[in-house]
Amino acid sequence: MNAPEHGPPPKRRRRLDPEDREREIVDGAVAFFAEVGFDGGLRDLATRLGITHQNLFRYFPTKEALIERVYKEMYLDRWQPEWETVLRDPTKPLEARLIDFYESYLAAIFRYDWVRIFVFAGLKGVGISQRYLDLVQKRVIEPLAIELRRAAGLPDGAALSREELEIAWGLHGELFYLAVRRWVYDMKTPDHLGPVVKAAVARFLKGAPAAMRALNAASAGSERGGAGDTPGRTTDRRSRRIAAPQPVRPR
């Protein structure tokens, strides 16, 4: 009588040092959240990793703690301080600075996991997107708005208005949308982004300074026209302004 056939014995999961196990969990969480979003539960993540739910909780006691770690590694740790130096370099033309910055920036963020986690976080209200966009506004958009004022021949000492910031956001939004088209909508985008960045920067700098001048003229006209309004009904435009960062000047 032949012995009954058995399948191969179950593969035993190798033991990992705590640091390696934590690394495995974080890498797995990045892939998991990028694929299914933040509705995915930690039990499902543990199953995918082949570990127990309790073992996962030894390293990350809450889902929020794991998301915070993902945010740090995917967004904060990938931010390169030299990007800010490039943007503020007074020895180079603004066009060259923007091209250098966005070519380097897109190389860092043009990734399946980076883009999809960012979008999922915004849809779910997790907070990652808002915190990161606040960082981008402070370190990129506000300094760029100051540069656009200079390019438009306007004084740069006053606080930035929300309308001026919207103009400065235009270029960033256009280039980030390339990544959304590629990694969210699965649309074909150019393999080489350098020419796309150069063309986008050229278009932006043709229109943005003129838009800043038009905005300034409209604001000045509105303030003159409203000089005789009833005080209680006059809009305080200063409430819509944001303190401008101090420009870096050549030494």
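Starting from the Cα of V180, step 7 Å toward the Cβ, then list every residue of region 106-133 with an amide N under 13 Å from that point. Inside the label zone: 115-116, 118-123. Cβ crowding within 10 Å, taken as a proxy for footprinting-reagent exposure, orders F57, F120 from fewest neighbours to most as F57, F120.
Among W79, W169, the order by Cβ neighbours within 10 angstrom, fewest to most, reads W79, W169.
Among the listed pairs K124/K198; K72/K124; K72/K206, those whose Cα-Cα separation exceeds 29 Å are K124/K198; K72/K206. Converting phi to 3J(HN,Hα) with the Karplus coefficients 6.51, -1.76 and 1.60 and the offset θ = phi - 60°, region 129-145 yields 4, 5, 5, 5, 5, 4, 5, 4, 4, 5, 9, 10, 6, 5, x, 5, 4 Hz in sequence order, with x at every glycine or proline. For D39, D191, the sequence from fewest to most other C-beta atoms within 10 Å is D191, D39. On the principal axes of its alpha-carbon atoms, region 18-69 has extents of 26, 21, 17 Å, going from largest to smallest. Taking amide H as placed 1.01 Å from N in the peptide plane, S161 has its amide H under 5 Å from the amide H of I242, each at least 5 places away in sequence or on another chain.
Each value in this text was obtained by applying a stated rule to the coordinates, not by laboratory testing. Because the structure is predicted, anything quoted here is derived from the model rather than measured. Positions of Cβ are backbone-derived with ideal geometry, glycine not excepted, and every protein chain shown enters the neighbour counts.
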